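Notes follow once the structure below has been shown.
The values are calculated or read from the model by the stated rules, or taken from the named source; none is laboratory data. Just so we're clear, the structure is a prediction, and the values are computed from it rather than from any experiment. Positions of Cβ are backbone-derived with ideal geometry, glycine not excepted, and every protein chain shown enters the neighbour counts. Surface accessibility is based on the protein's heavy atoms, side chains included, excluding ligands, DNA and RNA. Shrake-Rupley method; radii C 1.70, N 1.55, O 1.52, S 1.80 Å.
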Amino acid sequence: MSSVNLMAREVAAKIVFYGPGLSGKTTTLRKIYETVRPAHRGEMMSIATEGDRTLFFDFLPVKVERVGDCSVRLALYTVPGQVFYNATRKLVLQGADGVVFVADSQAEAMDANRESLANLEENLLENGIRLERFPLVMQWNKRDLEGTLSVEELRRELNPRGVPDFETAATNGRGVLDTLKTITRLVIKDLRAKRIVPPPRPTPPPPGTAPAGGAGRRRGGA
């Protein structure tokens, strides 16, 4: 769940990059990190687990719509790809406002893609969230390799809902920012619908203007 910093008038929204091992989640996050101006990003951090790790960083995009009169700071996370680390997956997924599912486009990875997507749905459900009502974007990664499945097949197997999807090659960054822009737009739309931010601060009336509510009316008779 997003958090609001009233002093800074800032909403922090959490986006998680989910998917099977070696699908390109870490490479995707690093490419995004490299494109953000250093003045607008935090340090990339890593939580190490045996054989895998979780990466995360936050940044303040300069061209993102505001929510109310609050700017939006994005916190981006990856999850461990191996099912063995499902406890860590659940922990990282807690409080998420949106998910990018990074699928490996290679034919031999389809079973792992299906397993990871089912695992995402199960872990969200444990938090009382239905996947079909949650901001989600599909990222068809490794499109720069030969012998990948067609987008139509990937959609049929992994995207029956028809959520936004993008062909990407995380190693060179192709399509990665388009994916991020779309999930950010969906998250902001969801935050507005949930009305999680306080109303805009009222604008004080100009000096000498009577306050609203008729306080400036004469007292007494006619």
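I'd like to know if segment 31-39 contains one or more residues that are among the basic types (Lys, Arg) and on the phi > 0 side of the Ramachandran plot. Reasoning before the result, please.
Our first condition is that a residue be among the basic types (Lys, Arg); within segment 31-39, this holds for 31, 37.
Filter once more, keeping what is on the phi > 0 side of the Ramachandran plot: none.
Checked against the condition, which is being among the basic types (Lys, Arg) and on the phi > 0 side of the Ramachandran plot, segment 31-39 yields no hits at all.
Restricting attention to segment 164-185, which residues are β-branched (Val, Ile, Thr), in contact with a Ser or Thr (Cβ under 8 Å, 6 or more places away or on another chain) and open to solvent by less than 60 Å² (accessible area, probe 1.4 Å)?
Step one: of segment 164-185, the residues β-branched (Val, Ile, Thr) are 168, 171, 176, 179, 182-184.
Pick out the ones that are also in contact with a Ser or Thr (Cβ under 8 Å, 6 or more places away or on another chain) and you get 168, 171, 176, 179.
Answer for segment 164-185, where residues must be β-branched (Val, Ile, Thr), in contact with a Ser or Thr (Cβ under 8 Å, 6 or more places away or on another chain) and open to solvent by less than 60 Å² (accessible area, probe 1.4 Å): THR168, VAL176, THR179.
So, of the residues in segment 139-163 that are more than 21 Å from the chain's Cα centre (by Cα) and not in a helix (DSSP H, G or I), which turns out to be surrounded by the fewest Cβ atoms within 10 Å (Cβ to Cβ)? Even if it seems obvious, please write down each step before you answer.
As a first pass, look at segment 139-163 and keep what is more than 21 Å from the chain's Cα centre (by Cα): 143-154, 156-157.
After this cut, where a residue has to be not in a helix (DSSP H, G or I) as well, the list is 143-150.
On the way: ARG143: 16, ASP144: 14, LEU145: 12, GLU146: 5, GLY147: 8, THR148: 19, LEU149: 21, SER150: 10.
If we take residues in segment 139-163 being more than 21 Å from the chain's Cα centre (by Cα) and not in a helix (DSSP H, G or I), then GLU146 is surrounded by the fewest Cβ atoms within 10 Å (Cβ to Cβ).
Condition (residue is touching a Phe, Trp or Tyr at 6+ places or on another chain (Cβ under 9 Å) and of a type outside the set (A, V, I, L, M, F, W, C)) applied to segment 125-132: is it met by at least one residue?
No, segment 125-132 contains no residue that is touching a Phe, Trp or Tyr at 6+ places or on another chain (Cβ under 9 Å) and of a type outside the set (A, V, I, L, M, F, W, C).
Return a yes/no flag: does segment 38-54 have any residue that is in contact (Cβ under 8 Å) with a residue 40 or more places away in the chain and under 18 Å from the mean Cα position of the chain (by Cα).
Going residue by residue through segment 38-54, those that are in contact (Cβ under 8 Å) with a residue 40 or more places away in the chain are 47.
The next check asks that each one be under 18 Å from the mean Cα position of the chain (by Cα); those that pass are none.
No - not one qualifying residue is present in segment 38-54.
Please specify each residue of segment 135-187 satisfying the condition of being farther than 27 Å from LEU60 by Cβ, of a type in the set (Val, Ile, Thr) and in contact with a Phe, Trp or Tyr (Cβ under 7 Å, 6 or more places away or on another chain).
VAL151
State all residues of segment 3-33 that are under 13 Å from LEU76 (Cβ atoms) and open to solvent by 70 Å² or more (accessible area, probe 1.4 Å); if no residue qualifies, say none.
The one that is under 13 Å from LEU76 (Cβ atoms) and open to solvent by 70 Å² or more (accessible area, probe 1.4 Å): ARG30.
Output the number of residues of segment 102-122 satisfying the condition of being under 28 Å from ALA169 (Cβ atoms) and out of contact with any strand residue (DSSP E or B) (no Cβ under 9 Å at 6 or more places or on another chain).
To start, the set of residues in segment 102-122 that are under 28 Å from ALA169 (Cβ atoms) comprises 102-121.
Those left that are additionally out of contact with any strand residue (DSSP E or B) (no Cβ under 9 Å at 6 or more places or on another chain): 108, 111, 114-115, 118, 121.
Total meeting the criteria: 6.
Could you list, in sequence order, all residues of segment 47-105 that are at pLDDT 90 or above, hydroxyl-bearing (Ser, Thr, Tyr), open to solvent by less than 10 Å² (accessible area, probe 1.4 Å) and part of a strand (DSSP E or B)?
Hit for segment 47-105 is THR78, nothing else.
Taking GLY42 as the residue in question, decide whether it is farther than 27 Å from ASN123 by Cα and of a type outside the set (A, V, I, L, M, F, W, C). Before the answer, list the steps.
Details: farther than 27 Å from ASN123 by Cα: yes; of a type outside the set (A, V, I, L, M, F, W, C): yes.
Criteria met by GLY42.
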